[in-house]
Each structure stands twice: as C-alpha cells, then as structure tokens.
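Down below is the structure, laid out as structure tokens.
The values are calculated or read from the model by the stated rules, or taken from the named source; none is laboratory data. Quantities reported herein were computed from a predicted structural model and do not represent experimental measurements. Neighbour counts run over all protein chains shown; Cβ positions are idealised from the backbone, glycine included.
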Amino acid sequence: MAKNQPKQPVLSYYDVKVETLLPATLTFRVLAEDAHQAANLIKNKQPNSVHYRLLGRKDNKLTVYDAGSTIIKFVKNLLGLR
C-alpha cells in the first residue's frame, strides 16, 4: 500500500487585467491555485499585452478571470494602495 501522500494543489491559468492611471489596461497570464494568489503573483511580471484606451479614465482596479473566459473570479480596487 502506498503512503498517504499530500495532495498537490490544483493550478489553473488566470488572466489578470489591471487598469492604470495611464489610459491603458495591462493583461497578465499566470498559473496559480486561486484568484487571490493570481493577483499577488503579477507584482514582478511583465504584462502579456497592453490595451490603450484613448478616451476616458477609470479608477484603478484589478480584475482576475479564468484564462480565456469572461467569468470574473476576483475584483480589487487599487486606488490609494501602495
């Protein structure tokens, strides 16, 4: 009989979109256990794509999606956070 081995965490790909003070949205793709971990993993990464918005500006916010879908997993307001 095999020993009880600890379960490996299930990792999924997440798309993380960050709206910035510049009229742009940065998109990152990360491999993480959950949406909260995905939000923390982007701190030292380069974005996969940048989408510029020439009109208007929104408050800074971070949105985490399942990779390749539009289902929102986690939203965090970044305004005032450092």
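The strands (runs of 3 or more DSSP E) falling completely within segment 12-56 that include 2 or more residues that are in contact with a strand residue (DSSP E or B) (Cβ under 8 Å, 6 or more places away or on another chain), under 20 Å from Leu79 (Cα atoms) and hydroxyl-bearing (Ser, Thr, Tyr) map to 24-32. Note on segment 57-67: residues that are modelled with pLDDT of 90 or more and part of a loop (DSSP other than H, G, I, E, B) amount to 1. Looking only at residues of segment 1-53 that are exposed (fewer than 12 other Cβ atoms within 10 Å of the Cβ) and charged (D, E, K, R), we find that the one that is farthest from Ala67 (Cα to Cα) is Lys3.
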